């Protein structure tokens, strides 16, 4: 298989443009047009919040900046040259209802109960930014793109300390059972339930990460696969075939993991023994949180997945 040539990405500045409009009767903050620059992030983000929100403009900016920082560390650059992000109000709750369009635009809602702590712990804006970084896939393969964003989002955040390893593994322990096949399942390609699309897709990416690390002695990971696709021009503005996407993923890691795993899980249900998986990785669930067993046979793989960025 022909390998992709990797080129160093230039360090440029991310200019973020914010426009906030708020009636004075709702907030007294001085809100207007502001431009800031963030060193070492490539691309521009145009951020607007045209309605009054329960959090301040500075808090919204910091929220977007944290997500952009996670992606930039993951890829070595921001994945697109420009994206417009619109923050809209919702009646209730906190962060909710994000959607990405064609690698160019993100809309996301903040409920009237949103607090600073909600923004700090939020994962949705990072999830939507990851959709900017990988192509859509022709056909019924939404599980591939949603699984990608679901898995890479916490990987990127844990590796720069935005979340803890305990939260990373705890969320997977809690959520992944929802992605296992149920009665009547016909594989990831043909079963379009919420659980199989999001958590089933995330399980595929976790298993791919583990296999890549096993076969490359922890030297490669799914980050290399995702970077290879982005470097080949496969950002969110593109639509690729599933075969082309899998080929480039495997090219990026140097082993045929993604295609083989799709052959296994795409057209038929595969029951993954999650308890055995956690035991092999040394992830110990005590019912309230998780701890780690460093004597487990694949503890080095577990540590590699959440290892801090170098």
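The values are calculated or read from the model by the stated rules, or taken from the named source; none is laboratory data. Remember, it's a predicted structure, so these values are computed and weren't measured experimentally. Cβ: placed from backbone, ideal geometry, glycine included. Neighbour counts: every protein chain shown.
Before moving on, here are some points about what is shown:
- Single unsatisfied condition, residue 146 versus (1) in contact with a helix residue (DSSP H, G or I) (Cβ under 6 Å, 6 or more places away or on another chain); (2) crowded, with 23+ Cβ neighbours inside 10 Å; (3) not in a loop (DSSP other than H, G, I, E, B): (2)
- From the options 240, 205, 199, residue that is out of contact with any helix residue (DSSP H, G or I) (no Cβ under 6 Å at 6 or more places or on another chain), surrounded by 15 or more Cβ atoms within 10 Å (Cβ to Cβ) and assigned by TED's automatic domain parsing to the domain that holds residue 173: 240
- Residue list for the range 99-109, filter: touching a residue at least 40 places away in the same chain (Cβ under 8 Å) and either in a helix (DSSP H, G or I) or crowded, with 19+ Cβ neighbours inside 10 Å (or both): 100, 103
A quick yes/no check of all residues on (1) out of contact with any strand residue (DSSP E or B) (no Cβ under 7 Å at 6 or more places or on another chain); (2) surrounded by 14 or more Cβ atoms within 10 Å (Cβ to Cβ); (3) at pLDDT below 90:
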{"position": "10", "(1), (2), (3)": "yes, no, yes"}
{"position": "31", "(1), (2), (3)": "no, yes, yes"}
{"position": "35", "(1), (2), (3)": "no, no, yes"}
{"position": "38", "(1), (2), (3)": "no, yes, yes"}
{"position": "76", "(1), (2), (3)": "yes, yes, no"}
{"position": "97", "(1), (2), (3)": "no, no, yes"}
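- Failed item, numbered, when residue 276 is tested on (1) in contact (Cβ under 8 Å) with a residue 40 or more places away in the chain; (2) farther than 16 Å from residue 141 by Cβ; (3) assigned to a helix (DSSP H, G or I): (1)
- Of residues in the range 278-297 being surrounded by 15 or more Cβ atoms within 10 Å (Cβ to Cβ) and out of contact with any helix residue (DSSP H, G or I) (no Cβ under 8 Å at 6 or more places or on another chain), the one nearest to residue 214 (Cα to Cα): 280
- Residue in the range 173-195 that is touching a strand residue (DSSP E or B) at 6+ places or on another chain (Cβ under 7 Å) and touching a residue at least 24 places away in the same chain (Cβ under 8 Å) present: yes
- Just one of the listed residues (188, 176, 180, 172) is within 15 Å of the chain's Cα centre (by Cα) and either surrounded by 18 or more Cβ atoms within 10 Å (Cβ to Cβ) or closer than 17 Å to residue 270 by Cβ (or both), namely 172.
- Residue in the range 51-58 that is at pLDDT 90 or above, surrounded by fewer than 20 Cβ atoms within 10 Å (Cβ to Cβ) and within 30 Å of residue 309 (Cα to Cα) present: no
- Given (1) outside the structural domain of residue 223 (by TED's automatic domain parsing); (2) assigned to a loop (DSSP other than H, G, I, E, B); (3) crowded, with 20+ Cβ neighbours inside 10 Å, number of the condition residue 93 does not satisfy: (3)
- Where residue 212 falls short, out of the listed (1) part of a helix (DSSP H, G or I); (2) under 16 Å from the mean Cα position of the chain (by Cα); (3) crowded, with 18+ Cβ neighbours inside 10 Å: (2)
- The listed residue being under 27 Å from residue 78 (Cα atoms) and surrounded by fewer than 14 Cβ atoms within 10 Å (Cβ to Cβ), out of 310, 220: 310
- Selection count, the range 110-124, where residues are in a loop (DSSP other than H, G, I, E, B) and exposed (fewer than 12 other Cβ atoms within 10 Å of the Cβ): 0
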